[in-house]
1. With 287, 247 as the choices, which residue is assigned by TED's automatic domain parsing to the domain that holds residue 187, modelled with pLDDT of 95 or more, part of a strand (DSSP E or B) and out of contact with any helix residue (DSSP H, G or I) (no Cβ under 6 Å at 6 or more places or on another chain)?
2. For residue 327, work out the one condition from (1) part of a loop (DSSP other than H, G, I, E, B); (2) surrounded by 18 or more Cβ atoms within 10 Å (Cβ to Cβ) it doesn't fulfil.
3. Of the conditions (1) free of Cβ contacts under 8 Å to residues at least 60 places away in the same chain; (2) assigned to a loop (DSSP other than H, G, I, E, B); (3) over 23 Å from residue 79 (Cα atoms), residue 295 clears all except one; give me its number.
4. May I ask you to list the residues in the stretch 153-165 that are touching a strand residue (DSSP E or B) at 6+ places or on another chain (Cβ under 7 Å) and modelled with pLDDT of 95 or more?
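The values are calculated or read from the model by the stated rules, or taken from the named source; none is laboratory data. Just so it is clear, the structure is predicted and the values come from calculations on it, not from any experiment. So basically every Cβ, Gly included, is an ideal-geometry build from the backbone, and we count neighbours across all protein chains shown.
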């Protein structure tokens, strides 16, 4: 075969036979590679937005609403939050001009006004939610104190002296005696004052001597920020005892009733005028007890069990009410004339134990 017919440099036919599959595979690879190179820029220039990543479903904990915080419990003596698990301390305090200004009363939860010999008055301050550093002047106990304190469980009771005939009654009463004779280390004489009006006490030390004193508990009172209906607008209210008179005047700027005694503002040693957010005039029968002082004046006995009328002052209003305390170890409830609980304003409460017909000295 001549060179011209065979194409000169062309390989023989067996060469192409053996190389055919390899060439076909190479051509296929080149075509695929070229297609991929063209597809890449087309995908980058596509108008279709990329598909968002699929989010995992929220867990049950993240989808649940946040729990509502539980408000702190209100103190049963003031209706304000805090201090409801603290023990109760009662302190008998002087309430004549010789013992003023008193110290520590601004921190009291409750202040009782009681008639004593000679038609005068003394105070019994109840502490639980706040404990002041000092309190006084501390004075002697009376039989009515023991009847009032029964509704507080077994509180600590601070006082200075008691009539000899009354000592057995104190010993049997459900209370922790932290008087100046039982806990002398808690008392001191205040400089600048004369005896017997210079005896003061440190409440924290008093309570350290009565570690098992009853903590504050329900004594029958209800509280509400909202004043109830049925009140009569009142700017001042007067209460008279045989030898003492009080005026409670509403202060709209301080939102409390300020105390004036015997025509003079009742000022606190810490500063400011004494007074509370609620004042309760609890009309209670008062008689002569079996006790009397060294001058022969009978000690009044205030009957704080049973039922009676009351006037409740709050928010510049006066409300007529009924009080009830069927047993001494139960609290005292105050209701409206139609039987609904009459709520006090949250804050300090003054309870004025007054008789419609005061016992004469």
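1. That would be 247, the only listed residue that is assigned by TED's automatic domain parsing to the domain that holds residue 187, modelled with pLDDT of 95 or more, part of a strand (DSSP E or B) and out of contact with any helix residue (DSSP H, G or I) (no Cβ under 6 Å at 6 or more places or on another chain).
2. If we test residue 327 against (1) part of a loop (DSSP other than H, G, I, E, B); (2) surrounded by 18 or more Cβ atoms within 10 Å (Cβ to Cβ), just (2) comes out false.
3. Every condition holds for residue 295 apart from (1).
4. Here is the first cut: in the stretch 153-165, the residues touching a strand residue (DSSP E or B) at 6+ places or on another chain (Cβ under 7 Å) are 154-160, 163, 165.
Within the stretch 153-165, 154, 155, 156, 157, 158, 159, 160 qualify.
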